[in-house]
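Remarks on the structure that follows.
The values are calculated or read from the model by the stated rules, or taken from the named source; none is laboratory data. In this text the structure is predicted, and so the values were computed from the model without any measurement. Using ideal geometry, Cβ is built from the backbone for each residue, glycine included, and neighbour counts are taken over all protein chains shown. Keep in mind that these areas ignore ligands, DNA and RNA; they rest on the heavy atoms of the full protein, side chains included. Shrake-Rupley method; radii C 1.70, N 1.55, O 1.52, S 1.80 Å.
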Amino acid sequence: MSYISRPKAVHPKLPRNDLGLTVRDYEGGMSTLCAGCGHDSITAAIVQAFFELAVPPHRVAKMSGIGCSSKTPAYFLGASHGFNAVHGRMPSIATGAAAANRDLYVLGISGDGDSLSIGLGQFSHAVRRNLDMLYIIENNGVYGLTKGQFSASADVGTQAKRGEVNQQPPIDPVQMAMVLGGTFVARSFSGDKDQLVPLIKAGLRHEGFALLDVLSPCVTFNDHEASTKSYAYTRQHFHSVIHTDFVPPAEEIKAAYDQGESMRIELHDGSALLLRKVSQDYNPHNRGAAIDYIRTQQRAGEVVTGLLYIDETEPDMHGINNTTASPLNELPFEALCPGSRSLDDLNRRYR
Ligand SMILES: Cc1ncc(C[n+]2csc(CCOP(=O)(O)OP(=O)(O)O)c2C)c(N)n1
Ligand code: SF4
Ligand SMILES: [Mg+2]
């Protein structure tokens with residue numbers, strides 16, 4: 001993978017977070033993606049979210065598969081751990097990292113091809129296991145890296161750059177995650193940083209699997225008039241059903257607001273939050289009703305965005321499997337290694 005270091009000049013007045021780090025400390029190498037690619041905007045939102053949360057970079061594991069989207073972890077959090085896995089197999093690697101060390105923020109970056117075509121099986125099992133990670137799909141409806149073939153998220157009737165029309169119904173990762181029992185399901189648009197940053201922060205802090213499907217136009221192969229994943233189409237059909245901002249625990253503010261109305265809330269530091277429930281009948285705690293709503297709007301040609309479903313009551317993979325709270329590399333070797341006799345016993349059971 002190509003890697004160009006970014007020259008690091010830090011302005012002395014650049015704001016610092018609680019760790020004394022600037023936003024520059026959360027950047028990575030220079031992007032080698034096409035100018036204007038939606039994926040680069042997502043990278044910028046990730047950098048901003050980690051900076052604002054003041055996460056120590058060494059506590060992050062960046063996981064990805066193969067694709068332009070899967071290249072992006074090279075462009076943020078240069079001081080974090082990372083693993084660029086095989087196409088569609090990132091969830092297995094992420095499962096291992098999450099199982100071995102609960103203290104890590106596990107961040108998976110994938111593409112619509114990586115997650116919904118070749119990697120659909122792996123994606124599904126990560127959701128049903130409620131793996132503790134934030135899983136971002138940078139969704140452009142095509143295989144960008146291999147020159148623009150339709151992926152499994154391409155809409156019926158959408159046209160490829162050279163005119164071919166897609167006939168097959170798309171797989172919507174949001175609806176899939178809901179059906180599979182996902183506990184945090186959100187959708188956003190690479191061109192809406194105001195919506196994206198709070199969703200990334202909330203997803204990182206969610207205990208369990210957080211899916212964030214981000215419409216991320218491919219300017220080179222899928223940004224023309226007959227595409228349903230272009231900047232213009234997405235901007236026109238984008239429907240934010242619920243505006244969500246993230247409030248850190250220390251600044252927790254309890255607010256009640258009338259459905260369908262906006263409410264401005266002053267934060268402790270003097271900044272403000274705007275909570276807005278655009279559709280009165282939308283309830284992000286009701287799985288069935290949320291799916292019905294998303295489908296109805298989809299039939300009407302709308303792309304519903306925001307935090308679409310959340311359930312904080314379900315145990316994550318650690319809770320289900322009752323794993324140890326300590327990272328495995330901190331356990332004494334004797335406690336961790338059961339010895340060759342235990343291994344022989346285990347192997348005998350499989351013969
Ligand atoms: C096993 C395997 N099959 C096929 C490929 C070829 N390949 C590389 S990336 C890619 C699709 C990437 O599409 P997507 O995940 O949507 O990422 P994007 O480039 O659009 O961001 C394919 C088919 C591969 N690298 N490995
Ligand atoms: S080919 Fe498409 S997805 Fe890949 S970097 Fe270029 S614009 Fe982005
Ligand atoms: Mg793609």
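Pairing residues of the stretch 42-71 that are free of Cβ contacts under 8 Å to residues at least 40 places away in the same chain and under 27 Å from Cys218 (Cα atoms) with residues that are acidic (Asp, Glu) and open to solvent by 30 Å² or more (accessible area, probe 1.4 Å), at Cβ distances under 6 Å and at least 6 apart in sequence or on separate chains, gives Val47/Glu27. Selection of the stretch 316-336 for residues being closer than 21 Å to Gly203 by Cα and either among the β-branched types (Val, Ile, Thr) or assigned to a helix (DSSP H, G or I) (or both) yields Met317, His318, Gly319, Ile320. Considering only residues in the stretch 337-351 that are open to solvent by 100 Å² or more (accessible area, probe 1.4 Å) and in a loop (DSSP other than H, G, I, E, B), the one that is farthest from Asn130 (Cα to Cα) turns out to be Arg351.
Restricted to the stretch 150-162, and to residues there that are without any contact (Cβ under 8 Å) to a residue 24 or more places away in the chain and out of contact with any Asp or Glu (no Cβ under 9 Å at 6 or more places or on another chain), the residue that is farthest from Ala98 (Cα to Cα) is Arg162.
Looking across the stretch 15-29, the residues that are part of a loop (DSSP other than H, G, I, E, B) and under 20 Å from Tyr75 (Cα atoms) come down to Leu21, Thr22, Gly28, Gly29. Within the stretch 217-234, residues that are of a type in the set (Lys, Arg) have Cβ atoms under 8 Å from residues that are more than 14 Å from ligand 3 (Cβ to nearest atom) in no pair, counting only partners at least 6 apart in sequence or on another chain.
Scanning the stretch 153-189 for residues being more than 16 Å from ligand 2 (Cβ to nearest atom) and under 19 Å from the mean Cα position of the chain (by Cα) gives a total of 18. Put simply, of Asp213, Asp192, Asp155, Asp112 the only residue that is open to solvent by 20 Å² or more (accessible area, probe 1.4 Å), out of contact with any His (no Cβ under 9 Å at 6 or more places or on another chain), among the acidic types (Asp, Glu) and within 16 Å of ligand 1 (Cβ to nearest atom) is Asp155. Of all residues in the stretch 281-324, those that are under 13 Å from Met178 (Cβ atoms), open to solvent by less than 50 Å² (accessible area, probe 1.4 Å) and charged (D, E, K, R) total 1. In the stretch 116-140, the residues that are in a helix (DSSP H, G or I) reach residues that are of a type in the set (Val, Ile, Thr) and within 16 Å of ligand 2 (Cβ to nearest atom) with C-beta atoms within less than 9 angstrom, at least six apart or across chains, in these pairs: Leu116/Ile137; Phe123/Ile137.
Here the stretch 66-84 is the region considered, the condition is being away from ligand 1 (no atom under 11 Å from the Cβ) and of a type in the set (A, V, I, L, M), and the residue that is farthest from Ala35 (Cα to Cα) is Ala79. The residues of the stretch 55-93 that are within 14 Å of ligand 2 (Cβ to nearest atom), open to solvent by 10 Å² or more (accessible area, probe 1.4 Å) and not in a helix (DSSP H, G or I), listed by number, are Ile66, Gly67.
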